[in-house]
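Please treat every number below as a calculation from the coordinates, not as lab data. Computed from a predicted model, the values in this text were never measured in an experiment.
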Amino acid sequence: MGSFSIWHWLIVLVIVMMVFGTKKLKNMGSDLGSAVKGFKDGMRDASADDKPAEADKQLAAEASAKKEAIDVQAKEKASS
């Protein structure tokens, strides 16, 4: 009574096929497969984005240098 035997699963499979039909089950299976593939690709892209590239570090350094230059110019204008 704790677990189902193979005959229980076969009966459930036959009932599901009778309710949904084989074509709809095939479409649902392919949709599920493409969803899993898309999820895996998204996870792979997300893990690649977590690692900062050297170009990103250089852009961040340039941005901070520009910010410092703007601050210096603003202080000079304020004191004049």
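Taking 0.36 nm per residue of sequence separation and removing the Cα-Cα distance, the S47/I11 pair yields an extension gain of 8.7 nm. Converting phi to 3J(HN,Hα) with the Karplus coefficients 6.51, -1.76 and 1.60 and the offset θ = phi - 60°, the stretch 9-20 yields 5, 5, 5, 4, 4, 5, 5, 5, 5, 5, 6, 8 Hz in sequence order, with x at every glycine or proline.
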